[in-house]
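In what follows, a single structure is set out as structure tokens and then discussed.
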Amino acid sequence: MADFDLNIGPDLPPKTDYRIGCIGAGFIMRDVHLAAYREAGFDVVAIASRTPEHARAAAQQNGIETVYDTWSELLDDERIEIVDIAFPPDQQLEIVREAVKRPHVKGVLTQKPAAFTLREAEEIVRAAAAANKRLAVNHNMRYDQSMRALKTLLARGELGQPVVAEIVMNARPHWQEFIKPYGRIALLNMSIHHLDAFRFLFGDPARVLCSVRRDPSLDFEHIDGMAFYVLEWDNDLRAVGIDNCFTWADHRIEWRVEGTEGVAKGTIGWPDYPEGSPSTIAWTTRTMDGRWESPRWEERWFPQAFKGTMGQLMRAIQDDAEPEISGTTTLGTMALCEAAYRSVTEGRAITVTEMLS
């Protein structure tokens, strides 16, 4: 009989009443972070944004009493124990540097990508470590319910030794205005979810081979409107990612993992947001005589997964330990993303260690 205890999360710690200050009031904060926190009963005491009227609107929508005109004013609020940052990646380093100087701040949760480059991400990690503050990164796909369920199956050995994995996305993101000047869009802002998910599931790959192309429907300069990549592990596991950000119909994200003893497949329930749907999983093994198990749940990636990304930081603060999704964790993902860009430039497979040396 199949074991349906799939540990889909969010695995909150006993103490969750840390006082949170939020920096940023765009969609991901206003409609996702704050919706998840409200549902979980987390204590958000203040918010600030680059645009004060956006912060006030988000505060009114989510019942937050205090609104600051600047993030530096928010950091000075001595009530705040956790700073939750959802700012553009090229602006997060400055905020983290200032946040970790505040004695009352116990931990910082940054949005991913944590920085525009690997070197900036390394500076963020160094700043938090020097101040002895807990730094976590919102790699929220690690708390997608289907990804956690798959991770449980892999950990239990139900699929045997993984042989091949794939994530295929046909979905058109909304590229925020701050992304457009970067020139880097698909790998840094969308594929980073999938690259990090592969690391979460299987550990660090040895090499990546990547190809990209421009999206002909976009009216701003960029090198990677779509991304296609192969990840290689030294144990012969191969993973393929197809991130088709051009598509205009039949939006979907599907994944599949085949192992020596079983097959698992599923969907990610993001592309139909805001209507929304839960992600899914189904699996079969050699001992199941062709039967597939397909448990279902009501929780969704957006917003319920965000309880988990904040919760794991709270647990780290409570246990005086590294967060599950730490700053060091994000360095591996940023290195893989940088390796993918170098693969595009140099037309060859890149070892991830080249980026970290």
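Miscellaneous remarks
- Qualifying residue in region 206-225 (condition: of a type outside the set (Val, Ile, Thr) and either part of a helix (DSSP H, G or I) or within 21 Å of Lys265 (Cβ to Cβ) (or both)): no
Yes/no per residue for (1) out of contact with any helix residue (DSSP H, G or I) (no Cβ under 9 Å at 6 or more places or on another chain); (2) in a helix (DSSP H, G or I); (3) modelled with pLDDT of 95 or more:
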site: Ile95; (1), (2), (3): no, yes, yes
site: Pro103; (1), (2), (3): yes, no, yes
site: Val108; (1), (2), (3): no, no, yes
site: Glu120; (1), (2), (3): no, yes, yes
site: Arg142; (1), (2), (3): no, yes, yes
site: Thr152; (1), (2), (3): yes, yes, yes
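- Residue ID - surrounded by the fewest Cβ atoms within 10 Å (Cβ to Cβ), chosen from residues in region 312-342 that are within 18 Å of Thr110 (Cβ to Cβ) and hydroxyl-bearing (Ser, Thr, Tyr): Thr328
- Matching residues, region 285-297, being within 25 Å of Pro10 (Cα to Cα) and not hydrophobic (A, V, I, L, M, F, W, C): Glu293, Ser294, Pro295, Arg296
- Of the candidates Thr309, Thr287, Thr345, the single residue that is among the polar types (S, T, N, Q) and crowded, with 21+ Cβ neighbours inside 10 Å is Thr309.
- Residues of region 134-160 that turn out to be surrounded by fewer than 20 Cβ atoms within 10 Å (Cβ to Cβ), out of contact with any Gly (no Cβ under 6 Å at 6 or more places or on another chain) and either within 14 Å of Ile192 (Cα to Cα) or not hydrophobic (A, V, I, L, M, F, W, C) (or both), as a count: 4
- Total residues in region 214-270 satisfying the condition of being surrounded by fewer than 16 Cβ atoms within 10 Å (Cβ to Cβ), closer than 18 Å to Ala186 by Cα and among the acidic types (Asp, Glu): the figure is 3.
- Single condition Pro113 does not satisfy, out of (1) more than 15 Å from the chain's Cα centre (by Cα); (2) part of a loop (DSSP other than H, G, I, E, B); (3) not basic (Lys, Arg): (1)
- Some residue of region 165-175 being aromatic (Phe, Trp, Tyr) and not assigned by TED's automatic domain parsing to the domain that holds Ser277: no
- Every residue from region 178-205 that is more than 18 Å from the chain's Cα centre (by Cα) and either part of a helix (DSSP H, G or I) or among the aromatic types (Phe, Trp, Tyr) (or both): Phe178, Lys180, Pro181, Tyr182
- Count of residues meeting criterion [hydrophobic (A, V, I, L, M, F, W, C), part of a strand (DSSP E or B) and in contact with a Lys or Arg (Cβ under 8 Å, 6 or more places away or on another chain)] in region 226-266: 7
- Residue identified as crowded, with 18+ Cβ neighbours inside 10 Å, assigned by TED's automatic domain parsing to the domain that holds Val96, of a type in the set (D, E, K, R) and under 23 Å from the mean Cα position of the chain (by Cα) among Arg38, Arg50, Arg30: Arg30
- Residue in region 4-27 that is of a type in the set (Ser, Thr, Tyr) and either part of a loop (DSSP other than H, G, I, E, B) or over 16 Å from Thr309 (Cα atoms) (or both) present: yes
- The set of residues from region 317-357 being free of Cβ contacts under 8 Å to residues at least 40 places away in the same chain and touching a strand residue (DSSP E or B) at 6+ places or on another chain (Cβ under 6 Å) comprises just one member, Arg342.
- Once region 62-88 is narrowed to residues that are under 25 Å from the mean Cα position of the chain (by Cα) and in a helix (DSSP H, G or I), the residue that is nearest to Thr309 (Cα to Cα) is Asn62.
- Gly269 touching a Lys or Arg at 6+ places or on another chain (Cβ under 7 Å), over 22 Å from Phe198 (Cα atoms) and in the same structural domain as Arg199 (by TED's automatic domain parsing): no
The values are calculated or read from the model by the stated rules, or taken from the named source; none is laboratory data. This one's a predicted model, so the numbers in the text were calculated from it and none came from an experiment. Reconstructed Cβ throughout: ideal geometry from the backbone, glycine too, with neighbour counts over all protein chains shown.
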